[in-house]
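What follows is a short report on a single structure.
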Amino acid sequence: MESKMGELPLDINIQEPRWDQSTFLGRARHFFTVTDPRNLLLSAAQLETSRNIVQNYRAGVVTPGITEDQLWRAKYVYDSAFHPDTGEKVVLIGRMSAQVPMNMTITGCMLTFYRKTPTVVFWQWVNQSFNAIVNYSNRSGDTPITVRQLGTAYVSATTGAVATALGLKSLTKHLPPLVGRFVPFAAVAAANCINIPLMRQRELQVGIPVADEAGQRLGYSVTAAKQGIFQVVISRICMAIPAMAIPPLIMDTLEKKDFLKRRPWLGAPLQVALVGFCLVFATPLCCALFPQKSSINVSKLEPELRAQIHEQNPSVEVVYYNKGL
């Protein structure tokens with residue numbers, strides 16, 4: 001198809017992010033765009049329009065009168081609402097753009113109501129329910145996950161989070177009050193270590209797709225899955241650090257002041273706002289810690305897969321995979 005005068009060329013690679021993903025800055029710009037909460041306000045019609053622009057462009061049809069910026073905008077709107085591998089529309093709260101508003105509310109409440117057992121249990125449960133939805137919505141590859149696996153992961157992670165929170169809560173009774181404020185963070189970190197590997201256990205059993213630089217699928221690797229899941233756990237824990245470490249220090253100081261003593265109801269909204277401010281930056285920056293399209297040397301892969309790759313594509317030394325989020 002020939003490009004008409006003033007029409008966009010068909011060689012813009014919208015399969016890849018707009019910015020260079022081999023640099024931290026490029027990845028950060030990409031994730032600031034992906035996690036932009038304003039994407040949640042888009043209507044179904046706007047999402048559909050973006051999907052049509054992207055799918056038509058990939059099929060070699062340029063939407064008339066569209067500029068390069070509009071094409072990229074459509075790509076990011078499409079990516080914010082549809083799963084990259086399955087193309088399904090992701091439930092609203094499972095989207096990356098919902099991360100900041102949802103986490104801000106849940107984390108703010110976890111940090112505010114950390115003193116009484118029922119509220120600790122309730123908010124840790126809410127957080128793990130939300131995590132389960134996000135992990136399922138952003139799972140890597142087209143790996144089907146069964147309801148039973150989902151249930152096991154969800155129950156285990158919730159139990160792990162609640163047990164950690166209550167165990168540490170009883171241990172910190174005799175320690176300074178400030179220490180108690182950090183219990184929710186420890187619980188969240190422990191739950192991430194349980195939740196993510198369990199939610200993605202199928203990838204640990206059968207492996208995730210690995211491909212060459214051109215995107216040609218070469219097989220499935222469990223080693224790559226382990227590396228990818230480890231990176232996701234690290235970035236999720238780092239994501240929680242600023243939001244769960246900075247507000248408690250500020251709130252601990254503020255709660256000793258008369259202003260908050262006279263207005264105790266201000267505690268929760270203030271905590272939520274502080275957490276939100278931290279998350280707006282921490283979420284995209286921690287997603288950007290590792291490249292989304294991670295790589296692994298063929299020499300580190302399982303012997304059978306290594307032999308298969310050497311036999312079919314002897315020149316391939318590095319393979320790539322989507323690590324998930």
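I need to check one value: relative contact order of region 24-89, counting alpha carbon pairs closer than 8 Å and at least 6 residues apart, in percent.
About 36 percent, as a whole number.
For the chain, modelled as a GNM with alpha-carbon contacts under 10 angstrom, which of T117, T164, T146 fluctuates the most?
In the Gaussian network model the winner is T146.
Determine the per residue accessible area of region 96-322 with all protein chains present and a 1.4 angstrom probe, expressed in square angstrom.
With the other protein chains kept in place, region 96-322 gives 47 Å² per residue.
Using a 1.4 Å probe on the protein heavy atoms, what percent of the accessible area of region 40-166 belongs to carbon and sulfur?
64 percent
Note the full-extension length gain between H83 and N56 as 0.36 nm times their separation in residues minus their Cα-Cα distance, in nm to one decimal.
Full-extension gain reported as 8.0 nm.
Quick check for me: using +1 on Lys/Arg Cβ and -1 on Asp/Glu Cβ, what's the dipole size of region 140-214 about its Cα centre, in debye to the nearest 20?
620 debye
In region 24-89, what is the volume of the convex hull around the alpha carbon atoms, normalised per residue and reported in Å³?
Considering the Cα atoms of region 24-89, their hull volume per residue is 101 Å³.
Give the calculated FRET efficiency between N297 and C238 to the nearest 0.05, with a Förster radius of 30 Å applied to their Cβ-Cβ distance.
Efficiency, from the Cβ-Cβ distance: 0.75.
Give a residue-ordered list of calculated ³J(HN,Hα) values for region 254-262 (Karplus: 6.51 cos²θ - 1.76 cosθ + 1.60, θ = phi - 60°; whole Hz; x for Gly, Pro).
Result, rounded to whole Hz: 5, 5, 8, 8, 4, 3, 7, 5, 7.
How big is the chain along each principal axis, measuring the range of its Cα positions in Å and listing the largest first?
Principal-axis extents of the chain (Cα, largest first): 71, 51, 35 Å.
Suppose R0 equals 25 Å; then what is the FRET efficiency for I66 and R38 from their Cβ-Cβ distance, rounded to the nearest 0.05?
0.75
So, with +1 on the Cβ of K and R and -1 on the Cβ of D and E, and no other charges, what is the size of the charge dipole of the chain about its Cα centre, to the nearest 20 debye?
Computed about the Cα centre, the dipole is about 1700 debye.
Please list log₁₀ I(q)/I(0) at q = 0.15, 0.17 Å⁻¹ for region 85-177, using the Debye equation with identical point scatterers on the alpha-carbon positions.
The Debye formula, applied to the Cα set alone, gives -0.67, -0.81.
With the chain treated as a Gaussian network of Cα nodes joined by springs under 10 Å, which of N13, N138, N52 yields the largest mean-square fluctuation?
Fluctuation is largest for N13.
Find me the longest stretch of the chain that has none of the exposed trypsin sites (Lys or Arg not before Pro), where exposed means in a DSSP loop (not H, G, I, E or B) with at most 14 other Cβ atoms within 10 Å.
Result, exposed sites excluded: 117-255.
Just going by the charge dipole of the chain, with Lys and Arg at +1 and Asp and Glu at -1 on Cβ, which of L254, S299, M104 is farthest out on the positive end?
The one lying farthest along the dipole's positive direction is L254.
Distance in nm between label sites at A163 and I246, each 7 Å beyond Cα in the beta-carbon direction?
Inter-label distance under the simple model: 3.4 nm.
So how many Å³ per residue does the convex hull of the Cα atoms of region 258-325 work out to?
Normalising the Cα hull of region 258-325 by residue number yields 118 Å³.
How big is the gap, in Å, between the Cα center of region 253-325 and the Cα center of region 170-232?
Measuring centre to centre over Cα atoms gives 10 Å.
So what is the calculated 222 nm ellipticity per residue for the chain, using -39500 (n - 2.57) for each DSSP H run with n of 4 or more, over all residues, to the nearest 500 deg cm²/dmol?
Taken over the chain, the calculation gives -20000 deg cm²/dmol.
Where does the charge balance sit around Y76 when Lys and Arg score +1, Asp and Glu -1, over other residues with C-beta under 9 Å from its C-beta?
Local net charge: +1.
Once phi is turned into θ = phi - 60°, what whole-Hz ³J(HN,Hα) does the Karplus curve with 6.51, -1.76 and 1.60 give for every residue of region 273-287, x standing for Gly and Pro?
Here the 3J(HN,Hα) series is 5, 4, 4, x, 4, 5, 5, 4, 8, 5, 4, x, 5, 7, 4 Hz.
Probe of 1.4 angstrom, ligands and nucleic acids ignored: what's the accessible area per residue over region 1-66, in square angstrom?
Accessible surface, normalised per residue, equals 63 Å².
Once both labels are modelled 7 Å past Cα along the beta-carbon direction, what's the S315-R115 spacing in nm?
With each label placed 7 Å out from Cα toward Cβ, I get 6.8 nm.
Which entries of K116/K323; K173/K256; K169/K323; K89/K169; K89/K300; K173/K261 show an alpha-carbon separation above 28 angstrom in the structure shown?
Cα-Cα > 28 Å for K116/K323; K169/K323; K89/K169; K89/K300; rest within.
The values are calculated or read from the model by the stated rules, or taken from the named source; none is laboratory data. Bear in mind the structure is a predicted one, so any value in this text is a computation, not a measurement. When we count neighbours, we look across all protein chains shown, and the Cβ atoms used for this are built from the backbone with ideal geometry, even at glycine. Accessible surface areas use protein heavy atoms only, side chains included; no ligands, DNA or RNA. Shrake-Rupley method; radii C 1.70, N 1.55, O 1.52, S 1.80 Å.
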